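Undergrad: Got a structure for you, questions after.
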2 protein chains.
Amino acid sequence: MIRPATRDDTHTICELIRALAEYERLSDQVVLDEARLREHLFGPRSFAEVLLAVEAGHIVGFALFFHNYSTFLGRPGIYLEDLFVRPEHRGKGHGKALLQAIARLAIERGCGRLEWAVLDWNEPSIAFYRSLGAQPMDEWTTFRMTDDAIERLAGETT
Amino acid sequence: MIRPATRDDTHTICELIRALAEYERLSDQVVLDEARLREHLFGPRSFAEVLLAVEAGHIVGFALFFHNYSTFLGRPGIYLEDLFVRPEHRGKGHGKALLQAIARLAIERGCGRLEWAVLDWNEPSIAFYRSLGAQPMDEWTTFRMTDDAIERLAGETT
């Protein structure tokens, strides 16, 4: 069963984000604050939406996404920031059900693309994504500026 | 000079998007519609923001961006979908001025990251981005589902 998350799910969403970071071996990057996440998801300016996978009344997985925009298509898309199912609940179709719910939202909302990023060593996920018809954007590399570089650039005189 | 775009700039933004696609050798992917773009940028539900670089009263470049969200940081970020300066106006700092304006917005808005994608063969841009302190996210690959795959997944019975 898939349902949209509400304010009251924020604590569980935080736990799932931490579990995802552990799986991705990126726990050292997590500086998440629960009250701030609640505000960012369910406050007046919502930055992302969350769907939850529920099994026998327990939340076992989540998908967190927001809209991006393709200027070439001239249409919005959906960017899937996080997709995670607790390891002990895998192989039962929860991940696919979450992605399917998002695919249906994409169609309802006139979105031309559904995109996400995967770590190159994550072979099981890559095989799963390929089986759904997703294509790797191998010719593109994402660049990122973080706090220090952003502040340096912002502070330079022009 | 950098200024935010308004409704009246939509035609010029379309021209710049087409010029960018030509530069990226991706013109075959462009199915942009001007009226729809105007609605998506300046209608009640805005999917992206645009800054323009102006030289002697002429628009010579643009940056189109929207907010993404990092669950690990628990903060919004800025994703730069397009950054383009007309070839005949390069080398005068317009690209850097556009990026700098976005870096300042990122700070004002509490954003922890500024991200964008670059084609792997685009060495001049990559060198420019590295010079600003941006890092390539080499260990990640973006996956994309487009219309057909989205519809197939959405239509499957569960």
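Only the coordinates and a few stated rules stand behind these numbers; no lab work does. All values reported here derive from a predicted model rather than from experimental measurement. Reconstructed Cβ throughout: ideal geometry from the backbone, glycine too, with neighbour counts over all protein chains shown.
Undergrad: Quick one: B:A101 ticks every box in (1) surrounded by fewer than 23 Cβ atoms within 10 Å (Cβ to Cβ); (2) within 8 Å of chain A (Cβ to nearest Cβ); (3) small (G, A, S) bar one, so which box is it?
TA: Only one criterion in (1) surrounded by fewer than 23 Cβ atoms within 10 Å (Cβ to Cβ); (2) within 8 Å of chain A (Cβ to nearest Cβ); (3) small (G, A, S) is unmet by B:A101, namely (2).
Undergrad: Turning to a different aspect of this structure: How many residues are under 21 Å from A:K96 (Cα atoms) and either more than 7 Å from chain B (Cβ to nearest Cβ) or exposed (fewer than 15 other Cβ atoms within 10 Å of the Cβ) (or both) when one looks only at the range A:134-150?
TA: 1
Undergrad: Quick check: anything in the range B:1-14 closer than 20 Å to B:L119 by Cα and surrounded by 19 or more Cβ atoms within 10 Å (Cβ to Cβ)?
TA: Within the range B:1-14, the subset closer than 20 Å to B:L119 by Cα is none.
The answer is no, given that none of the residues of the range B:1-14 is closer than 20 Å to B:L119 by Cα and surrounded by 19 or more Cβ atoms within 10 Å (Cβ to Cβ).
Undergrad: While we're here: Could you figure out which of (1) in a helix (DSSP H, G or I); (2) within 25 Å of A:L73 (Cβ to Cβ); (3) in contact (Cβ under 8 Å) with a residue 24 or more places away in the chain; (4) facing chain A (nearest Cβ under 7 Å) isn't true of B:L153?
TA: (3)
Undergrad: Assess whether A:F84 counts as being closer than 30 Å to B:D28 by Cα and either surrounded by fewer than 20 Cβ atoms within 10 Å (Cβ to Cβ) or of a type in the set (A, V, I, L, M, F, W, C) (or both). First the steps, then the outcome.
TA: Working: closer than 30 Å to B:D28 by Cα: no; either surrounded by fewer than 20 Cβ atoms within 10 Å (Cβ to Cβ) or of a type in the set (A, V, I, L, M, F, W, C) (or both): yes.
So A:F84 fails the test.
Undergrad: Collect the residues in the range B:123-133 that are within 18 Å of the chain's Cα centre (by Cα) and facing another protein chain (nearest Cβ under 7 Å), keeping them in residue-number order.
TA: B:Y129, B:L132
Undergrad: Return yes or no: is B:V118 more than 8 Å from chain A (Cβ to nearest Cβ) and crowded, with 18+ Cβ neighbours inside 10 Å?
TA: Numbers: more than 8 Å from chain A (Cβ to nearest Cβ): no; crowded, with 18+ Cβ neighbours inside 10 Å: yes.
No: the conditions fail for B:V118.
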